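What follows is a set of notes on a single structure, which appears directly below.
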Amino acid sequence: MNLSHVPDLPALAMLKSVIREGSFSAAAKEWGVSQQAMSQRMRSIESLVGAALFTRSPQGIAVTEAGVALLPAIDRLLEQADVLAQAITALSVTRGESVDIAASQTIAEHLVPGWLMRFKAQQRAALASPQDTSPTIHAHVANSRDVVALVRERAVDIGFIETPTIPGDLSHASFLEDDLVLVVSPRHKLARRTAPLILDDIAGMPLVLREPGSGTRDTLERALESAGLGAPVAALELGTSAAIRSAVAAGIAPTVMSIHSVRDDVSLGKLVAIEFEGQVLRRPLTALWNGPVHRLSPPARELLGVIFDRA
(Lines give C-alpha, C1' and ligand atoms only; values in the text may rest on other atoms or scores of the structure.)
Protein backbone atom coordinates (compact mmCIF):
# COMPACT_ATOMS: atom_id res chain seq x y z
CA MET A 1 0.00 0.00 0.00
CA ASN A 2 1.55 3.29 -1.14
CA LEU A 3 0.36 6.18 1.03
CA SER A 4 3.12 8.60 0.14
CA HIS A 5 0.74 10.79 -1.90
CA VAL A 6 -2.21 10.61 0.54
CA PRO A 7 -2.79 13.65 2.77
CA ASP A 8 -3.69 13.01 6.41
CA LEU A 9 -7.35 13.01 7.49
CA PRO A 10 -7.35 16.49 9.09
CA ALA A 11 -5.89 17.89 5.86
CA LEU A 12 -8.65 16.25 3.81
CA ALA A 13 -11.29 17.53 6.23
CA MET A 14 -9.83 21.02 5.88
CA LEU A 15 -9.92 20.67 2.10
CA LYS A 16 -13.61 19.78 2.31
CA SER A 17 -14.19 22.85 4.48
CA VAL A 18 -12.53 25.07 1.87
CA ILE A 19 -14.72 23.59 -0.87
CA ARG A 20 -17.88 23.88 1.22
CA GLU A 21 -17.22 27.45 2.37
CA GLY A 22 -15.79 28.63 -0.96
CA SER A 23 -12.95 30.53 0.69
CA PHE A 24 -9.79 29.95 2.68
CA SER A 25 -10.73 32.59 5.26
CA ALA A 26 -14.09 31.00 6.13
CA ALA A 27 -12.51 27.54 6.36
CA ALA A 28 -9.70 28.96 8.52
CA LYS A 29 -12.25 30.43 10.93
CA GLU A 30 -14.03 27.09 11.18
CA TRP A 31 -10.77 25.34 12.06
CA GLY A 32 -9.47 28.07 14.36
CA VAL A 33 -6.34 28.84 12.31
CA SER A 34 -5.15 31.86 10.35
CA GLN A 35 -6.01 32.29 6.68
CA GLN A 36 -2.30 32.15 5.89
CA ALA A 37 -1.99 28.80 7.67
CA MET A 38 -5.00 27.41 5.81
CA SER A 39 -3.64 28.58 2.43
CA GLN A 40 -0.27 27.03 3.23
CA ARG A 41 -1.95 23.73 4.21
CA MET A 42 -3.83 23.64 0.89
CA ARG A 43 -0.61 24.30 -1.05
CA SER A 44 1.04 21.42 0.83
CA ILE A 45 -1.81 19.11 -0.18
CA GLU A 46 -1.48 20.18 -3.81
CA SER A 47 2.26 19.57 -3.65
CA LEU A 48 1.71 16.11 -2.16
CA VAL A 49 -0.96 15.21 -4.72
CA GLY A 50 1.06 16.70 -7.58
CA ALA A 51 -1.79 18.72 -9.07
CA ALA A 52 -3.56 22.03 -8.54
CA LEU A 53 -6.87 21.48 -6.74
CA PHE A 54 -8.05 25.11 -6.73
CA THR A 55 -7.97 28.13 -8.97
CA ARG A 56 -7.69 31.39 -7.08
CA SER A 57 -9.09 34.77 -8.14
CA PRO A 58 -10.37 37.99 -6.49
CA GLN A 59 -13.85 36.46 -6.71
CA GLY A 60 -12.83 33.49 -4.57
CA ILE A 61 -11.74 29.95 -5.27
CA ALA A 62 -12.98 27.25 -7.63
CA VAL A 63 -12.25 23.53 -7.67
CA THR A 64 -10.17 22.34 -10.62
CA GLU A 65 -10.91 19.21 -12.67
CA ALA A 66 -8.28 17.36 -10.65
CA GLY A 67 -10.00 18.40 -7.43
CA VAL A 68 -13.41 17.31 -8.72
CA ALA A 69 -11.93 13.93 -9.73
CA LEU A 70 -10.61 13.34 -6.20
CA LEU A 71 -13.76 14.41 -4.33
CA PRO A 72 -15.67 11.09 -4.44
CA ALA A 73 -12.69 9.21 -3.01
CA ILE A 74 -12.16 11.90 -0.36
CA ASP A 75 -15.82 11.72 0.63
CA ARG A 76 -15.66 7.92 0.98
CA LEU A 77 -12.53 8.12 3.09
CA LEU A 78 -13.99 10.76 5.41
CA GLU A 79 -17.21 8.75 5.75
CA GLN A 80 -15.18 5.74 6.85
CA ALA A 81 -13.24 7.95 9.22
CA ASP A 82 -16.55 9.03 10.72
CA VAL A 83 -17.47 5.37 11.26
CA LEU A 84 -14.14 4.91 13.04
CA ALA A 85 -14.78 8.05 15.14
CA GLN A 86 -18.14 6.62 16.25
CA ALA A 87 -16.43 3.39 17.26
CA ILE A 88 -13.87 5.38 19.23
CA THR A 89 -16.74 7.28 20.87
CA ALA A 90 -18.20 3.98 22.04
CA LEU A 91 -14.81 2.98 23.45
CA SER A 92 -14.46 6.31 25.22
CA VAL A 93 -17.62 5.56 27.16
CA THR A 94 -16.21 2.27 28.40
CA ARG A 95 -12.89 3.89 29.30
CA GLY A 96 -14.58 6.57 31.37
CA GLU A 97 -12.81 9.57 29.81
CA SER A 98 -13.19 12.95 31.50
CA VAL A 99 -14.34 16.35 30.24
CA ASP A 100 -13.15 19.60 31.83
CA ILE A 101 -15.50 22.57 31.64
CA ALA A 102 -15.52 26.07 33.12
CA ALA A 103 -18.65 28.15 33.54
CA SER A 104 -19.55 31.58 34.79
CA GLN A 105 -21.53 31.67 38.02
CA THR A 106 -25.02 32.13 36.58
CA ILE A 107 -24.54 29.28 34.14
CA ALA A 108 -22.78 27.06 36.69
CA GLU A 109 -25.48 27.49 39.32
CA HIS A 110 -28.62 27.33 37.20
CA LEU A 111 -27.91 25.50 33.94
CA VAL A 112 -24.93 23.16 34.35
CA PRO A 113 -26.66 20.77 36.83
CA GLY A 114 -29.47 20.07 34.36
CA TRP A 115 -27.02 19.54 31.50
CA LEU A 116 -24.99 17.08 33.53
CA MET A 117 -28.06 15.07 34.53
CA ARG A 118 -29.10 14.73 30.87
CA PHE A 119 -25.52 13.93 29.81
CA LYS A 120 -25.16 11.21 32.44
CA ALA A 121 -28.53 9.71 31.48
CA GLN A 122 -27.47 9.63 27.83
CA GLN A 123 -24.13 8.05 28.71
CA ARG A 124 -25.73 5.39 30.91
CA ALA A 125 -28.02 4.43 28.05
CA ALA A 126 -24.98 3.97 25.80
CA LEU A 127 -23.02 1.72 28.17
CA ALA A 128 -22.35 -1.70 26.72
CA SER A 129 -22.30 -3.43 30.12
CA PRO A 130 -22.84 -2.60 33.81
CA GLN A 131 -19.07 -2.68 34.33
CA ASP A 132 -18.47 0.18 31.88
CA THR A 133 -18.15 3.72 33.23
CA SER A 134 -19.36 6.98 31.71
CA PRO A 135 -17.06 10.01 31.29
CA THR A 136 -16.44 12.16 34.35
CA ILE A 137 -17.19 15.89 34.15
CA HIS A 138 -14.85 18.23 36.03
CA ALA A 139 -16.53 21.62 36.40
CA HIS A 140 -14.81 24.86 37.38
CA VAL A 141 -16.66 28.05 38.35
CA ALA A 142 -15.13 31.41 37.42
CA ASN A 143 -16.16 34.79 36.06
CA SER A 144 -16.47 35.12 32.29
CA ARG A 145 -13.06 36.77 31.86
CA ASP A 146 -11.33 33.88 33.64
CA VAL A 147 -13.35 31.29 31.73
CA VAL A 148 -12.09 32.77 28.46
CA ALA A 149 -8.51 32.57 29.74
CA LEU A 150 -8.93 28.90 30.74
CA VAL A 151 -10.27 27.99 27.30
CA ARG A 152 -7.55 29.99 25.54
CA GLU A 153 -4.88 28.17 27.57
CA ARG A 154 -6.57 24.80 26.86
CA ALA A 155 -6.86 24.25 30.62
CA VAL A 156 -10.48 23.18 29.99
CA ASP A 157 -12.23 21.62 27.00
CA ILE A 158 -15.28 23.90 26.92
CA GLY A 159 -16.13 27.19 28.60
CA PHE A 160 -19.47 28.91 29.12
CA ILE A 161 -19.72 32.67 29.44
CA GLU A 162 -22.44 35.28 29.86
CA THR A 163 -20.74 38.38 28.51
CA PRO A 164 -21.74 40.13 25.26
CA THR A 165 -18.06 40.34 24.31
CA ILE A 166 -17.15 37.16 22.43
CA PRO A 167 -13.41 36.54 21.81
CA GLY A 168 -12.76 36.28 18.09
CA ASP A 169 -9.86 33.84 18.45
CA LEU A 170 -12.00 31.07 19.95
CA SER A 171 -14.68 28.90 18.39
CA HIS A 172 -18.07 29.70 19.90
CA ALA A 173 -21.82 29.26 19.64
CA SER A 174 -24.60 30.92 21.62
CA PHE A 175 -27.13 28.51 23.12
CA LEU A 176 -29.51 30.77 25.05
CA GLU A 177 -30.45 34.41 25.65
CA ASP A 178 -30.65 35.78 29.17
CA ASP A 179 -32.31 38.93 30.51
CA LEU A 180 -30.96 40.99 33.39
CA VAL A 181 -33.45 42.53 35.81
CA LEU A 182 -33.31 45.06 38.63
CA VAL A 183 -33.53 43.17 41.93
CA VAL A 184 -34.67 44.93 45.12
CA SER A 185 -35.69 44.09 48.64
CA PRO A 186 -39.47 43.77 49.19
CA ARG A 187 -39.12 46.88 51.40
CA HIS A 188 -37.54 49.00 48.64
CA LYS A 189 -39.56 51.89 47.19
CA LEU A 190 -39.47 50.28 43.73
CA ALA A 191 -40.76 46.91 44.95
CA ARG A 192 -44.36 47.75 44.02
CA ARG A 193 -43.50 49.07 40.57
CA THR A 194 -45.27 47.20 37.77
CA ALA A 195 -44.12 49.19 34.73
CA PRO A 196 -40.85 48.14 33.05
CA LEU A 197 -37.76 50.21 33.76
CA ILE A 198 -35.53 52.10 31.36
CA LEU A 199 -31.80 52.50 31.84
CA ASP A 200 -32.23 56.13 32.89
CA ASP A 201 -34.11 54.88 35.98
CA ILE A 202 -30.93 53.30 37.38
CA ALA A 203 -28.40 55.90 36.22
CA GLY A 204 -26.49 56.98 39.32
CA MET A 205 -28.33 54.49 41.54
CA PRO A 206 -25.95 52.80 44.03
CA LEU A 207 -25.95 49.08 43.26
CA VAL A 208 -24.49 45.90 44.67
CA LEU A 209 -22.17 44.77 41.87
CA ARG A 210 -20.15 41.72 40.92
CA GLU A 211 -16.39 42.08 40.56
CA PRO A 212 -14.87 43.44 37.31
CA GLY A 213 -14.60 40.64 34.73
CA SER A 214 -17.99 39.11 35.45
CA GLY A 215 -20.40 38.79 32.53
CA THR A 216 -23.23 40.43 34.46
CA ARG A 217 -21.20 43.53 35.27
CA ASP A 218 -19.77 43.68 31.75
CA THR A 219 -23.28 43.59 30.25
CA LEU A 220 -24.52 46.35 32.55
CA GLU A 221 -21.48 48.57 31.98
CA ARG A 222 -21.72 48.26 28.21
CA ALA A 223 -25.45 49.00 28.17
CA LEU A 224 -25.06 52.13 30.33
CA GLU A 225 -22.08 53.30 28.28
CA SER A 226 -23.97 52.83 25.01
CA ALA A 227 -26.84 54.89 26.42
CA GLY A 228 -24.42 57.67 27.46
CA LEU A 229 -25.21 57.19 31.16
CA GLY A 230 -21.73 56.52 32.52
CA ALA A 231 -20.49 53.70 34.69
CA PRO A 232 -22.66 52.01 37.34
CA VAL A 233 -22.23 53.23 40.91
CA ALA A 234 -20.99 50.56 43.31
CA ALA A 235 -22.53 50.58 46.78
CA LEU A 236 -20.76 47.26 47.39
CA GLU A 237 -18.79 44.73 45.33
CA LEU A 238 -19.21 41.01 46.03
CA GLY A 239 -17.81 37.92 44.34
CA THR A 240 -20.78 35.53 44.33
CA SER A 241 -24.42 35.65 43.31
CA ALA A 242 -25.48 34.23 46.68
CA ALA A 243 -23.71 37.01 48.57
CA ILE A 244 -25.29 39.64 46.35
CA ARG A 245 -28.78 38.22 46.85
CA SER A 246 -28.27 38.29 50.63
CA ALA A 247 -27.05 41.90 50.53
CA VAL A 248 -30.04 42.99 48.47
CA ALA A 249 -32.49 41.13 50.73
CA ALA A 250 -30.90 42.88 53.74
CA GLY A 251 -31.68 46.24 52.12
CA ILE A 252 -28.09 47.37 51.44
CA ALA A 253 -28.86 48.33 47.82
CA PRO A 254 -30.51 46.95 44.68
CA THR A 255 -28.61 44.97 42.07
CA VAL A 256 -28.88 44.02 38.42
CA MET A 257 -28.56 40.31 37.72
CA SER A 258 -29.88 37.42 35.66
CA ILE A 259 -33.50 36.46 36.04
CA HIS A 260 -32.22 32.86 36.33
CA SER A 261 -30.27 33.79 39.47
CA VAL A 262 -33.20 35.22 41.42
CA ARG A 263 -36.20 33.21 40.21
CA ASP A 264 -36.36 31.04 43.36
CA ASP A 265 -35.96 33.97 45.78
CA VAL A 266 -38.59 35.97 43.89
CA SER A 267 -41.07 33.08 44.04
CA LEU A 268 -40.47 32.84 47.82
CA GLY A 269 -41.03 36.58 48.30
CA LYS A 270 -37.46 37.24 49.49
CA LEU A 271 -36.67 39.51 46.54
CA VAL A 272 -38.53 41.48 43.88
CA ALA A 273 -37.45 41.51 40.22
CA ILE A 274 -38.35 44.39 37.91
CA GLU A 275 -37.89 43.96 34.18
CA PHE A 276 -36.36 46.47 31.79
CA GLU A 277 -38.21 47.74 28.75
CA GLY A 278 -37.32 46.04 25.47
CA GLN A 279 -34.10 44.07 25.29
CA VAL A 280 -31.64 46.64 26.61
CA LEU A 281 -30.12 44.17 29.09
CA ARG A 282 -30.44 40.96 27.07
CA ARG A 283 -27.23 39.03 26.56
CA PRO A 284 -26.20 35.76 24.90
CA LEU A 285 -25.02 32.77 26.87
CA THR A 286 -22.18 31.29 24.86
CA ALA A 287 -20.13 28.10 24.69
CA LEU A 288 -16.42 28.44 23.80
CA TRP A 289 -13.75 25.97 22.74
CA ASN A 290 -10.26 26.30 21.32
CA GLY A 291 -10.03 25.21 17.67
CA PRO A 292 -12.57 23.43 15.46
CA VAL A 293 -15.20 21.30 17.13
CA HIS A 294 -13.75 18.18 15.45
CA ARG A 295 -10.72 18.45 17.73
CA LEU A 296 -12.76 18.10 20.92
CA SER A 297 -12.84 14.67 22.52
CA PRO A 298 -15.91 12.53 21.74
CA PRO A 299 -17.40 13.04 25.24
CA ALA A 300 -16.90 16.82 24.96
CA ARG A 301 -18.73 16.85 21.62
CA GLU A 302 -21.51 14.75 23.13
CA LEU A 303 -21.87 17.24 26.00
CA LEU A 304 -22.21 20.08 23.50
CA GLY A 305 -24.86 18.03 21.71
CA VAL A 306 -26.85 17.71 24.93
CA ILE A 307 -26.63 21.47 25.54
CA PHE A 308 -27.64 22.56 22.06
CA ASP A 309 -30.45 20.03 21.82
CA ARG A 310 -32.03 21.20 25.05
CA ALA A 311 -30.35 24.29 26.48
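The values are calculated or read from the model by the stated rules, or taken from the named source; none is laboratory data. Remember, predicted model here, so these are calculated numbers, not experimental data. Note that each Cβ is placed from the backbone with ideal geometry, even for glycine, and that neighbours are counted across all protein chains shown. Remember, those area values only see protein heavy atoms, side chains included, never the ligands or the DNA or RNA. Shrake-Rupley method; radii C 1.70, N 1.55, O 1.52, S 1.80 Å.
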*Could you please find all residues in the stretch 35-65 being in contact with a helix residue (DSSP H, G or I) (Cβ under 8 Å, 6 or more places away or on another chain) and in contact (Cβ under 8 Å) with a residue 40 or more places away in the chain?*
VAL49, ILE61, VAL63
*Could you figure out which of (1) modelled with pLDDT of 90 or more; (2) open to solvent by less than 60 Å² (accessible area, probe 1.4 Å); (3) outside any strand (DSSP E or B) isn't true of PRO167?*
(1)
*Pairs under 7 Å by beta carbon, first residue under 17 Å from LEU303 (Cα atoms) in the stretch 104-132, partner at pLDDT below 85 and open to solvent by 60 Å² or more (accessible area, probe 1.4 Å), six or more apart or different chains?*
ARG118/ARG310
_Total residues in the stretch 264-311, condition open to solvent by less than 50 Å² (accessible area, probe 1.4 Å) and without any contact (Cβ under 8 Å) to a residue 12 or more places away in the chain_ = 1
*Say whether the condition of being hydroxyl-bearing (Ser, Thr, Tyr), open to solvent by 40 Å² or more (accessible area, probe 1.4 Å) and part of a helix (DSSP H, G or I) is met by at least one residue in the stretch 187-197.*
no
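Which one of these is in contact (Cβ under 8 Å) with a residue 12 or more places away in the chain, hydroxyl-bearing (Ser, Thr, Tyr), within 21 Å of VAL112 (Cβ to Cβ) and touching a helix residue (DSSP H, G or I) at 6+ places or on another chain (Cβ under 9 Å): SER214, SER185? Break it down stepwise before answering.
Numbers: SER185 fails: within 21 Å of VAL112 (Cβ to Cβ).
Only one candidate passes the filter, namely SER214.
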*Quick one: count up the residues across the stretch 17-31 that are open to solvent by 30 Å² or more (accessible area, probe 1.4 Å), closer than 19 Å to LEU296 by Cβ and either acidic (Asp, Glu) or in contact with an Asp or Glu (Cβ under 8 Å, 6 or more places away or on another chain) (or both).*
1
*For LEU116, work out the one condition from (1) at pLDDT 85 or above; (2) surrounded by fewer than 17 Cβ atoms within 10 Å (Cβ to Cβ); (3) farther than 20 Å from SER174 by Cα it doesn't fulfil.*
(3)
